[in-house]
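FYI, it's all coordinate maths here, none of it is from the lab. Small disclaimer: the values here were computed from a predicted structure and weren't measured. Neighbour counts run over all protein chains shown; Cβ positions are idealised from the backbone, glycine included.
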Amino acid sequence: VLELAILTSRLHMLPQDKIQQEIEYLTIGYEKTSGPREQEAWTWLMEKIDAHANKES
């Protein structure tokens, strides 16, 4: 989740395809290790990323 937070802080600097690649990579660890608090944080961060993607398109 920490890495996703860092990615979220850099959305304005990265192309959408790179953002998607990073999300796919980070999802592997997230799915293996997340608890309820991490899942909540992940959801918040993904909402921000989705909003950014919708704004860019």
Report, by residue number, each residue of the range 11-45 that is under 19 Å from E56 (Cβ atoms) and loosely packed, with under 12 Cβ neighbours inside 10 Å.
H12, M13, P15, D17, E24
Filter result for T8 (hydroxyl-bearing (S, T, Y) and either in contact with a His (Cβ under 9 Å, 6 or more places away or on another chain) or in contact (Cβ under 8 Å) with a residue 40 or more places away in the chain (or both))
yes
